[in-house]
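What follows is a set of notes on a single structure, which appears directly below.
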Amino acid sequence: MTFEPIGVVHSPFKTIEEMPIQPAGADAVAGTIEIRPDLVEGLRDLDGFSHLFVIYHFHQVRQTQLTVTPFLDTRPHGVFATRAPKRPNPIGLSVVRLAGIEGNLLHIENLDMLEGTPVLDIKPFVPEFDQPEQVRTGWLEAARGRVLNQKSDRRFE
Ligand SMILES: C[S@@+](CC[C@H](N)C(=O)[O-])C[C@H]1O[C@@H](n2cnc3c(N)ncnc32)[C@H](O)[C@@H]1O
């Protein structure tokens with residue numbers, strides 16, 4: 001399986017230290033996604049959507065870790081029960097606000113991605129499709145609200 005990036009993230013975060021750990025903790029953080037010029041046709045009608053799923057490569061991750069102690073707990077968990085970057089396939093998923101489109105540039109807000117992150121795909125966020133009811137959030141129930149202030153350190157480098 002080989003994927004080619006469709007674009008690249010331009011972000012104010014040049015290193016992972018002290019950056020947000022999720023879009024929910026990155027209010028008003030602005031950046032862009034520069035889409036490959038040959039793919040611009042695929043952006044048609046995206047401007048009608050306020051939020052996007054961005055699917056990307058955690059390109060600075062070098063190892064897999066199947067048990068991780070995530071940013072929002074002091075206890076270990078299986079990596080698939082977390083959003084930690086050191087995954088067997090280091091793929092990230094962020095819901096960001098789409099502030100505007102200029103040519104091949106998507107202006108986005110609520111970034112939790114590093115500068116230079118390769119983007120694999122974008123999809124419109126649709127509450128009717130993507131917002132289930134009666135959600136349980138496992139071990140994260142105990143950390144509710146803390147994502148707003150918790151910043152990244154270098155544990156997943
Ligand atoms: C906890 S992950 C969550 C990312 C995404 N919202 C998700 O749930 O898949 C966010 C953290 O990943 C790290 N990170 C962000 N971009 C990265 C990249 N391109 N390569 C490696 N680590 C990255 C930073 O430590 C950041 O705080």
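Can you give the convex hull volume per residue for the Cα atoms of segment 1-85, as a whole number of Å³?
Numbers: hull volume 12.9 nm³, N = 85.
Given the Cα convex hull of segment 1-85, per-residue volume reads 151 Å³.
Just checking the listed ones, T137, T69, T117: in the Gaussian network model of the chain with Cα springs under 10 Å, the one fluctuating most is T137. Annotation: lysines with alpha-carbon distance below 24 angstrom to K151 (same-chain offsets under eight excluded): K14, K86. Looking at the P(r) of segment 85-138, how many percent of alpha-carbon pairs lie beyond 14 Å? Tail of P(r) above 14 Å: 70 percent of Cα pairs. Rounded to the nearest Hz, the phi-derived 3J(HN,Hα) couplings of segment 94-110 under the Karplus curve 6.51 cos²θ - 1.76 cosθ + 1.60 (θ = phi - 60°) are 10, 9, 10, 8, 8, 8, x, 10, 10, x, 9, 9, 9, 8, 10, 10, 6, where x marks glycine and proline. Extents of segment 46-157, taken as max minus min of Cα coordinates on every principal axis and listed largest first, are 44, 36, 25 Å. Summarising the amide proton neighbourhood of L120: residues at separation of 5 or more, or on other chains, whose placed amide H is nearer than 5 Å comprise I6, I55, Y56, H57. The H on the amide N of L111, modeled in the peptide plane, is under 5 Å from the matching H of V29, each at least 5 residues off or on a different chain.
Express the accessible area of segment 61-105 per residue in Å², computed with a 1.4 Å probe while the remaining protein chains stay in the model. Intermediate values should be presented prior to the final figure.
Values: 2560 Å² over 45 residues.
Ligands and nucleic acids excluded, the figure is 57 Å² per residue.
About its Cα centre, the dipole of the chain is roughly 780 debye, where the only charges are +1 on Lys and Arg Cβ and -1 on Asp and Glu Cβ. Can you spot the aspartates and glutamates whose alpha carbon is less than 16 Å from K123's alpha carbon? Ignore those fewer than 8 places along the same chain. Within the straight-line cut-off, K123 pairs with E34, E41, D45, D47, E109. Note on the chain: dipole from Cβ charges, positive end direction compared against T82, Q131, A99; the farthest Cα belongs to T82.
Report the full-extension gain for the segment Q60 to E141: residue separation times 0.36 nm, less the Cα-Cα distance, to one decimal in nm. List each step's numbers first, then the result.
Values: separation 81, 0.36 × 81 = 29.16 nm, distance 2.89 nm.
Here the segment from Q60 to E141 would lengthen by 26.3 nm.
Computed from backbone phi with θ = phi - 60° and the Karplus coefficients 6.51, -1.76 and 1.60, the 3J(HN,Hα) list for segment 60-72 is 9, 7, 10, 9, 8, 9, 7, 10, 10, 9, x, 4, 9 Hz; x is used for glycine and proline. Rounded to whole numbers, the Karplus 3J(HN,Hα) couplings from phi for segment 127-136 are x, 4, 8, 10, 10, x, 9, 6, 8, 9 Hz, using 6.51 cos²θ - 1.76 cosθ + 1.60 with θ = phi - 60°, and x at Gly and Pro.
Between segment 1-57 and segment 78-124, the C-alpha centres lie 5 angstrom from each other.
The values are calculated or read from the model by the stated rules, or taken from the named source; none is laboratory data. These numbers come from a predicted model, not from an experiment. Don't worry about glycine lacking a Cβ; one is built from the backbone with ideal geometry, like all the others, and counts go over all protein chains shown. We work out accessible area using only protein heavy atoms, side chains counted, and drop any ligands, DNA or RNA first. Shrake-Rupley method; radii C 1.70, N 1.55, O 1.52, S 1.80 Å.
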